[in-house]
Amino acid sequence: MHASILVALLLFAQTGAQGPAPAAQPAPIILGPPPPPATTLEAFHAEPGVILTTSYEELGEVEGVLVEAREMRTSHGNRARGIVVTITERGDRSQDFQQAFVDPDEFVELIKGFDALLAITINPSGEFRSFDMRYSTRGELVLTASSTRQRGVVYGVEVGRMLRLRRTLNGGEFHQLRTLVEAAQQKLATLAR
């Protein structure tokens with residue numbers, strides 16, 4: 001036998017013994033430029049030659065949904081503050097993750113959105129068996145409440161502007177997420193102007 005055929009047979013036998021490799025999820029192809037920043041926090045950056053300091057405090061995590069209070073400041077004194085909600089693909093922030101940014105002028109309405117969704121126990125229209133409700137911020141933090149036949153109301157959180165990640169939460173977890181968002185809001189309110 002020729003040496004090249006022998007090498008090919010050995011390689012074939014070795015890969016066949018291991019079984020087929022798991023199919024990797026193809027990365028999505030995004031055509032076109034990214035959308036412009038929707039929030040002050042997302043748009044904030046430092047010009048070349050200026051130092052940018054990002055300070056943050058992680059307030060906690062609920063089922064892979066991380067909430068942090070963040071302040072970004074340049075050496076020229078410019079500043080932006082807000083809440084960042086991160087969802088990771090596999091529970092590890094060094095892997096694939098998506099974020100939503102919430103500016104301070106949205107905090108009050110965001111808490112009202114949480115409260116309105118948490119108050120839902122039956123379809124508010126009363127005409128149909130199933131329903132879906134959603135609240136979203138400018139930075140694409142999306143909160144949802146949906147009916148299910150077996151589990152009652154199920155809540156969800158989505159983040160990301162071009163690519164989205166979603167987590168499904170029960171009522172207790174959704175309320176815990178609200179508490180973390182409120183804690184981030186309170187942390188930012190205590191900072192010196």
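The values are calculated or read from the model by the stated rules, or taken from the named source; none is laboratory data. Just so we're clear, the structure is a prediction, and the values are computed from it rather than from any experiment. As a convention, Cβ positions derive from the backbone with ideal geometry for all residues, glycine included, and neighbour counts pool all protein chains shown.
Looking at this structure, is residue 193 assigned to a loop (DSSP other than H, G, I, E, B) and not small (Gly, Ala, Ser)? If you could, list the steps in order and put the result at the bottom.
Working: assigned to a loop (DSSP other than H, G, I, E, B): yes; not small (Gly, Ala, Ser): yes.
Yes.
Could you tell me whether the stretch 113-130 includes any residue that is surrounded by 17 or more Cβ atoms within 10 Å (Cβ to Cβ) and either without any contact (Cβ under 8 Å) to a residue 24 or more places away in the chain or of a type in the set (S, T, N, Q) (or both)?
no
Filter the stretch 32-60 down to the residues that are acidic (Asp, Glu) and at pLDDT 95 or above, then identify the one that is farthest from residue 159 (Cα to Cα).
From the stretch 32-60, those acidic (Asp, Glu) are 42, 47, 57-58; that's our starting set.
Those still in the list that are at pLDDT 95 or above too: 57-58.
Details: 57: 19, 58: 17 Å.
Step by step, filter the stretch 32-60, then rank; the result is 57.
Would you mind telling me which numbered condition in (1) assigned to a strand (DSSP E or B); (2) polar (S, T, N, Q); (3) modelled with pLDDT of 95 or more; (4) closer than 26 Å to residue 46 by Cα residue 98 fails?
Going through the list (1) assigned to a strand (DSSP E or B); (2) polar (S, T, N, Q); (3) modelled with pLDDT of 95 or more; (4) closer than 26 Å to residue 46 by Cα, residue 98 breaks only (3).
Return yes when residue 136 is within 20 Å of the chain's Cα centre (by Cα) and surrounded by fewer than 17 Cβ atoms within 10 Å (Cβ to Cβ) and no when it is not. Break it down into steps so the answer makes sense when it comes.
On the way: within 20 Å of the chain's Cα centre (by Cα): yes; surrounded by fewer than 17 Cβ atoms within 10 Å (Cβ to Cβ): yes.
So residue 136 passes the test.
Can you find a residue in the stretch 174-188 that is buried (at least 17 other Cβ atoms within 10 Å of the Cβ) and under 18 Å from residue 122 (Cα atoms)?
Yes.
Just for the stretch 146-167: of the residues that are in a strand (DSSP E or B) and under 25 Å from residue 69 (Cβ atoms), which one is farthest from the chain's Cα centre (by Cα)? Don't jump to the end; show me each part of the working.
Restricting attention to the stretch 146-167, the residues satisfying the condition of being in a strand (DSSP E or B) are 146-148, 152-159, 165-167.
From what is left, the residues that are under 25 Å from residue 69 (Cβ atoms) are 155-159, 165-167.
Working: 155: 14, 156: 11, 157: 7, 158: 6, 159: 4, 165: 6, 166: 7, 167: 9 Å.
For the stretch 146-167, the residue satisfying everything is 155.
Take the stretch 101-157 and flag every residue that is modelled with pLDDT of 90 or more and small (Gly, Ala, Ser).
Passing the criteria: 113, 116, 119, 136, 139, 145, 146, 156.
For the stretch 98-141, how many residues are over 21 Å from residue 175 (Cβ atoms) and either touching a Gly at 6+ places or on another chain (Cβ under 8 Å) or not basic (Lys, Arg) (or both)?
Taking the stretch 98-141 as the starting set, the residues that turn out to be over 21 Å from residue 175 (Cβ atoms) are 98-99, 101, 103-105, 125-130, 138-140.
Filter once more, keeping what is either touching a Gly at 6+ places or on another chain (Cβ under 8 Å) or not basic (Lys, Arg) (or both): 98-99, 101, 103-105, 125-128, 130, 139-140.
Counting residues in the stretch 98-141 that are over 21 Å from residue 175 (Cβ atoms) and either touching a Gly at 6+ places or on another chain (Cβ under 8 Å) or not basic (Lys, Arg) (or both) gives 13.
Say we look at the stretch 44-60 and pick out the residues that are surrounded by 12 or more Cβ atoms within 10 Å (Cβ to Cβ) and touching a residue at least 24 places away in the same chain (Cβ under 8 Å); which of these is farthest from residue 183 (Cα to Cα)?
46
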